[in-house]
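Student: Below: one structure in structure tokens.
The values are calculated or read from the model by the stated rules, or taken from the named source; none is laboratory data. Just so it is clear, the model here is predicted, and its values are computed rather than measured. Neighbour counts run over all protein chains shown; Cβ positions are idealised from the backbone, glycine included.
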Amino acid sequence: MKKKAGKTRPQKTLILNKPVIAVTGSAGKTTTKEMIFAILNRRMSTYRSMYNKNFLGNTRAHVKRLRDEHEAAVLEFGILRSGHIQQHCRIIQPNMGVITNIGTAHIGNFEGKAGRLAMAKSELIRNMKPTGTVFINRDCPYSRRFAGQPFRGSFAGRFVTFGIEQEADYRAEHIVMEADGISFVCQIGQQSEAFFIPTLGGHNVYNALAAIAVAHTLGIPLADIRQGLRQFQPQKKRLVCYRLNNNVQVLDDTYSSNPDAAKAAIDVLSQSEHGTKVAVLASMLEMGKYEVQGHEEVGQYLSSKNVDYLYTFGSSARHIARAAIRAGFPAERVMHCANKEVLHRSLAKRVKPDTTILVKGSHKLKMGETVEFLRKVTAGSKLPRRKLPNRKQA
């Protein structure tokens, strides 16, 4: 005779008397988390969620892995649906929270509406320690509204802001794109402090600002913040630059894709001073009702940038190609490929000396295969001298 299954006891929320920083947002979560870790770990034993593992099961696993010797923890909270951030906070309650931005990643799960996605992200504020600190991006129109929200009295802590365009507590100026990274000056109160991050893409300045804000709020000396950012190690498949023979460069940004991330990657390609520029853009998944519009926005955006050729792959990516042509991009320089074999054969003919190729697409389309093909077709390829990335789940 089978025993009746007993009721599962709800998991007790882990509340720690140490800095517990939760990072969420549509883009930049993993990069921001890694930057915070790179800084904090110079001064204190810091636990971090590994790679981009940010699902609820990963947060439950942290409970068993956190040790007394850990003086701080920086965790990545991802979502697929409303209520997920609340559940993360019920497993481990953060006392510091970072919302990188509200964009288009996984927007299809929220009826294609950024407002609904923003409300889901704001669960972090409503469910973290009520007297904690929240770090928000002042340049993101959805995020900056959070500071003015009463949150029904559930949050009595403070908001710290970072940004570039809007006035903020931590504001970047004099941003310079260099060959192996980005230098900028951060205004902190009356101070002007210079920083460098070994990564491509202006969007990564926001991630660095969030990390600076968190570390400075915790009292980490500016010298350690500066050195921590210099030693930051970007994640794989996030704008990693492979320098190959004959001055060929491949920008591998194949971890994930959404309209905001695709535009940011196109910016990096466009700003390259490296000969012919080729964009290889695959379909963006989990777009829902925003699917056609989102892909068309990317095509229109690309048409105004310094890009020479466009290759698209995947059924939805066809909308990128069509929109680019409608917006004035030369049709003879656009090719939509039905399969990888056709794509690779076409790219093999396109690869010439002094060419930079961006490869971008959602993880499930395995565009990393195209990166590997390009590395092999350029005989004697070298490993990247420095990894140059960027973002993952919303």
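Here is a yes/no grid of residues against (1) farther than 17 Å from Q166 by Cα; (2) modelled with pLDDT of 85 or more:
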residue	(1), (2)
I102	no, yes
A105	yes, no
E111	yes, no
A118	yes, yes
L124	yes, yes
M128	yes, yes
N137	no, yes
Y142	no, yes
G148	no, no
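Student: Just the residues that are crowded, with 23+ Cβ neighbours inside 10 Å and either of a type in the set (K, R) or touching a Leu at 6+ places or on another chain (Cβ under 6 Å) (or both), please, taken from region 242-264.
Tutor: Residues satisfying the conditions are V250, L251, D253.
Student: If I ask for residues that are in a strand (DSSP E or B) and charged (D, E, K, R), which ones from region 180-228 would you list?
Tutor: Scanning region 180-228 gives a single hit, E193.
Student: Another question, then. Looking at N54 and the list (1) modelled with pLDDT under 95; (2) surrounded by fewer than 24 Cβ atoms within 10 Å (Cβ to Cβ); (3) within 16 Å of the chain's Cα centre (by Cα), which single condition is not satisfied?
Tutor: (2)
Student: Can you tell me which residue in region 86-102 is farthest from M44 (Cα to Cα), limited to those that are β-branched (V, I, T) and surrounded by fewer than 24 Cβ atoms within 10 Å (Cβ to Cβ)? Spell out how you get there, then give the answer.
Tutor: Here is the first cut: in region 86-102, the residues β-branched (V, I, T) are 91-92, 98-100, 102.
Now narrow it down to the ones that are surrounded by fewer than 24 Cβ atoms within 10 Å (Cβ to Cβ): 91-92.
Numbers: I91: 23, I92: 20 Å.
Top of the filtered list is I91.
Student: Of all the residues that make up region 72-97, how many are under 18 Å from the mean Cα position of the chain (by Cα), within 14 Å of T32 (Cα to Cα) and at pLDDT 95 or above?
Tutor: Result for region 72-97: 5.
Student: Going by the conditions given, is P130 in the same structural domain as D169 (by TED's automatic domain parsing), of a type outside the set (V, I, T), touching a Leu at 6+ places or on another chain (Cβ under 8 Å) and assigned to a loop (DSSP other than H, G, I, E, B)?
Tutor: Working: in the same structural domain as D169 (by TED's automatic domain parsing): yes; of a type outside the set (V, I, T): yes; touching a Leu at 6+ places or on another chain (Cβ under 8 Å): no; assigned to a loop (DSSP other than H, G, I, E, B): yes.
So P130 fails the test.
Student: Could you give me the residue pairs with C-beta distances under 6 Å whose first residue belongs to region 203-221 and is under 10 Å from M35 (Cα atoms), whose second residue is in a helix (DSSP H, G or I) and of a type in the set (F, W, Y) wherever it lies, and which are 6+ apart or on separate chains?
Tutor: Qualifying pairs under 6 Å: none.
Student: Quick check, is T161 polar (S, T, N, Q), at pLDDT below 90 and under 23 Å from the mean Cα position of the chain (by Cα)?
Tutor: no
Student: Only one residue in A261, A282 is of a type in the set (G, A, S), outside the structural domain of I79 (by TED's automatic domain parsing) and within 22 Å of S346 (Cβ to Cβ). Which one?
Tutor: A282 is the lone residue from the list that is of a type in the set (G, A, S), outside the structural domain of I79 (by TED's automatic domain parsing) and within 22 Å of S346 (Cβ to Cβ).
Student: Can you work out which of the residues in region 317-346 that are under 17 Å from L302 (Cβ atoms) and of a type in the set (D, E, K, R) is surrounded by the fewest Cβ atoms within 10 Å (Cβ to Cβ)?
Tutor: E332
Student: Can you give me the number of residues within region 239-268 that are touching a strand residue (DSSP E or B) at 6+ places or on another chain (Cβ under 8 Å) and either closer than 27 Å to L117 by Cβ or assigned to a strand (DSSP E or B) (or both)?
Tutor: Within region 239-268, residues that are touching a strand residue (DSSP E or B) at 6+ places or on another chain (Cβ under 8 Å) and either closer than 27 Å to L117 by Cβ or assigned to a strand (DSSP E or B) (or both) number 17.
Student: Out of (1) modelled with pLDDT of 95 or more; (2) within 20 Å of the chain's Cα centre (by Cα); (3) of a type outside the set (V, I, T), the odd one out for L218 is which?
Tutor: (2)
Student: Same structure again: Would you check if T104 is of a type in the set (S, T, N, Q) and either in contact with a Lys or Arg (Cβ under 8 Å, 6 or more places away or on another chain) or assigned by TED's automatic domain parsing to the domain that holds M284 (or both)?
Tutor: no
Student: Here is a follow-up. Output the number of residues of region 367-394 satisfying the condition of being out of contact with any strand residue (DSSP E or B) (no Cβ under 8 Å at 6 or more places or on another chain) and either modelled with pLDDT of 95 or more or loosely packed, with under 14 Cβ neighbours inside 10 Å (or both).
Tutor: Adding up the residues that qualify gives 6.
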